[in-house]
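Below is one structure, written out as structure tokens, with a few remarks after it.
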Amino acid sequence: MGITTPNKMQDEVMMRLAIGQAHLAQQAGEVPVGAIVSCEGQVIGQGHNQVITLNNPTAHAEVMALQSAGENRNNYRLPECTLYVTLEPCMMCAGALVHSRVQRVVFGAYDEKTGVIETVDDCFSKTYLNHKIEWQGGVLKDECSALISAFFKLRRKAKKSTRFESREQ
């Protein structure tokens, strides 16, 4: 079940901060996904993909932002907080969000392959979960989608170029 945006302008401002985090991931050669944790309108955590940089398969933007917020709050529970992320969360990140007890998740781009909030599954509606999270998808969707698409387009182009060069030699 989705939700109605309590404050569309605030959601867009926070998503723009998450997009800034995604740009940091891109500059490091990571898939450009960024996340922000906000509580009462204040940013208390931020993160971006660092899977390659940290050699850590769990270093997704959401996990990094939750870790930052937990350290800031000195608590692994983040009730009354909202996580903003540029891409619909995967299963691992959705589980981390449930365990952290965030109140709300707002994402930008839908993930046709691994997005489990709405696209591939609706994991937050599972009756066995001990915490329910409100969510909304599609905030600044076009901007978030364009960032991801451009990254993978460049990556495919570079891979194709490398294959072409190896044939010439």
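The values are calculated or read from the model by the stated rules, or taken from the named source; none is laboratory data. The structure presented is a predicted model; accordingly, all values stated were derived computationally and were not measured. Please note: Cβ atoms are built from the backbone with ideal geometry, for glycine as well, and neighbour counts cover all protein chains shown. To get the accessible areas, we keep the full protein, side chains included, count just its heavy atoms, and leave off ligands, DNA and RNA. Shrake-Rupley method; radii C 1.70, N 1.55, O 1.52, S 1.80 Å.
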Self-check item: Computed [θ] at 222 nm, deg cm²/dmol, the chain (DSSP H ≥ 4; -39,500 (n - 2.57); rounded to nearest 500)
Solution: -14500 deg cm²/dmol
Self-check item: Alpha carbon centroid spacing (whole Å) that separates region 6-33 from region 88-103
Solution: 18
Exercise. Heads up, I need the accessible area for T82: 1.4 angstrom probe, whole protein in place, Å², nearest 10.
Key: 20
Quiz item: Can you list the cysteines of the chain that have no other Cys Cβ under 4.7 Å away?
Solution: C90, C93, C123, C144
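Report relative contact order for the chain in percent, whole number only (criteria: Cα-Cα under 8 Å, sequence separation at least 6). The partial results should precede the final answer.
Values: 341 pairs, mean separation 33.4, N = 169.
Value for the chain: 20 percent.
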Practice problem: Give K113/K141; K126/K159; K113/K160 a once-over and call out the pairs whose C-alpha atoms are over 28 Å from each other. | Solution: K126/K159
Exercise. Name the residues whose placed amide hydrogens come within less than 5 Å of the amide hydrogen of I44, ignoring near sequence neighbours (fewer than 5 apart) on the same chain.
Key: V37, S38, C39
Quiz item: For region 49-116, which semi-axes, largest first and in whole Å, follow from the square roots of 5 times the eigenvalues of its Cα gyration tensor?
Solution: 19, 16, 9
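Would you mind getting the accessible area per residue of region 1-76, heavy atoms of the protein chains only, 1.4 Å probe, in Å²?
Values: 4080 Å² over 76 residues.
That works out to 54 Å² for each residue.
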Quiz item: Where does helix 8-27 land angle-wise versus the long Cα axis of the chain, in degrees 0 to 90, nearest 10?
Solution: 40
Self-check item: Estimated vicinal HN-Hα couplings, Hz - region 143-155 in sequence order (Karplus 6.51, -1.76, 1.60; Gly, Pro = x)
Solution: 5, 5, 5, 4, 4, 5, 4, 4, 4, 6, 5, 5, 5
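In a shell of Cβ-Cβ distance under 11 Å around A18, excluding A18 itself, what net charge do Lys and Arg (+1) and Asp and Glu (-1) give? Could you put the intermediate results ahead of the total?
Details: positive: R16; negative: D11, E12, E62, E143.
Result for the local shell: -3.
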Practice problem: Mind listing the long-range amide H neighbours of G34? Cut-off is under 5 Å, sequence gap 5 or more, other chains count too, H placed in the peptide plane at 1.01 Å from N. | Solution: A22, T86, L87
Exercise. Go from 0 up to the bin containing the longest alpha carbon distance in region 1-76, width 10 Å each, and give me the % of pairs per bin.
Key: 21, 44, 30, 5
Quiz item: Tell me, what % of the accessible area of region 1-91 is carbon and sulfur with a 1.4 angstrom probe?
Solution: 52
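Whenever you get a sec, line up K126, K157, K141, K113 from highest to lowest accessible area (probe 1.4 Å, protein heavy atoms).
On the way: K126 55, K157 145, K141 85, K113 175 Å².
Putting K126, K157, K141, K113 in descending order of accessible area: K113, K157, K141, K126.
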Practice problem: Using every pair of alpha-carbon atoms in region 1-160, split the distances into 5 Å bins beginning at 0 and state the percent of pairs per bin, rounded to integers. | Solution: 2, 10, 20, 24, 22, 13, 6, 2, 1, 0
